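Everything on this sheet refers to the single structure shown next.
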Amino acid sequence: MTAASVTYAYCVIASRARLKVAGLPAGVPGGDPPRAVAVREGVWLVAADVPLSVYGEPALRENLRDLDWVSGVAVGHEAVVEHFTRLRTATVLPMKLLTLFSSDEKATDELLRRRKPIDAAMRRIDGCEEWGVRVFALPARAAGRPPAAAPQTGAGFLAARKAARDAAKEDRTRALQMADRAYEVLAGRARAATQRPKGGPGSNPPLLEAAFLVPRASLLEFKAAAKEQAARCASAGAQMTVTGPWPAYNFVGEMSGTK
């Protein structure tokens with residue numbers, strides 16, 4: 001740490017053994033190699049020094065307008081967190097993107113101050129992986145509805161448009177019911193689950209955008225249930241995708257900030 005740098009935090013890790021940082025990804029642009037900082041017995045912070053000229057408040061405000069720069073930070077951050085997640089020898093509590101502290105001491109002081117919520121989050125995610133599920137309604141033709149014959153009159157055209165709107169509404173309602181059912185079934189096979197509010201921008205917002213905290217011991221059961229629900233969604237004119245495993249960002253509480 002120098003006067004011209006701040007501490008960038010990647011994740012907090014509970015591990016009985018000292019963390020090995022050899023072979024780690026490079027991390028965020030402009031940062032020093034990630035290192036392990038002892039917080040307390042069995043708990044480590046993976047962090048790196050980053051320059052104030054890039055990550056200090058005035059420069060950061062400007063850099064956040066550059067989507068390419070933000071994307072580079074996100075890729076570097078995620079690479080470090082996923083490195084430890086894949087090891088499966090420790091519990092990894094990921095920090096939010098661009099969590100910064102003025103020094104290692106400030107970082108460890110804050111983590112010690114928040115010991116109880118951190119320990120609770122560690123217990124919640126221990127032995128689990130995060131999996132994402134999204135469900136979208138398919139266009140009528142892709143969903144198997146045959147195209148309507150071209151109307152021959154103005155009245156026929158208006159009637160056909162109304163019929164198409166009614167059919168699309170009926171299709172979406174049925175697909176939404178299947179998406180809700182999928183969430184209910186998969187949540188029953190996860191330790192915890194969360195979903196974003198329905199709706200959003202665009203002409204075809206997701207019917208379901210959810211994350212599931214799945215115990216590794218139950219992963220095969222979860223995947224089998226997801227395959228079954230994907231087939232049910234398809235029969236209702238919707239497409240379900242499953243992604244993962246991911247670090248458990250959606251289940252660790254609020255761990256971001258600048259201190």
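The values are calculated or read from the model by the stated rules, or taken from the named source; none is laboratory data. If you're wondering where the values come from, they're calculated on a predicted model, not measured in any experiment. Cβ: placed from backbone, ideal geometry, glycine included. Neighbour counts: every protein chain shown.
Go through L97, L93 for me and flag whichever is under 18 Å from V252 (Cβ atoms), in contact with a His (Cβ under 6 Å, 6 or more places away or on another chain) and part of a strand (DSSP E or B).
Working: L93 fails: in contact with a His (Cβ under 6 Å, 6 or more places away or on another chain).
Matching residue, one of L97, L93: L97.
Among the residues of segment 33-42, is there at least one that is within 30 Å of P215 (Cβ to Cβ), crowded, with 17+ Cβ neighbours inside 10 Å and under 20 Å from the mean Cα position of the chain (by Cα)? No, segment 33-42 has no match at all. Taken as a whole, the structure places T99 among residues that are surrounded by 16 or more Cβ atoms within 10 Å (Cβ to Cβ), among the polar types (S, T, N, Q) and not assigned by TED's automatic domain parsing to the domain that holds A182. Given the criteria exposed (fewer than 13 other Cβ atoms within 10 Å of the Cβ) and within 19 Å of A4 (Cβ to Cβ), does S53 qualify? Considered against the rule, which asks whether it is exposed (fewer than 13 other Cβ atoms within 10 Å of the Cβ) and within 19 Å of A4 (Cβ to Cβ), S53 comes out as yes. All conditions but one from (1) on the phi > 0 side of the Ramachandran plot; (2) free of Cβ contacts under 8 Å to residues at least 40 places away in the same chain apply to A74; the one that does not is (1).
Restricting segment 186-224 to residues that are among the aliphatic types (A, V, I, L, M) and farther than 19 Å from F251 by Cβ leaves a set whose member that is surrounded by the most Cβ atoms within 10 Å (Cβ to Cβ) is L207.
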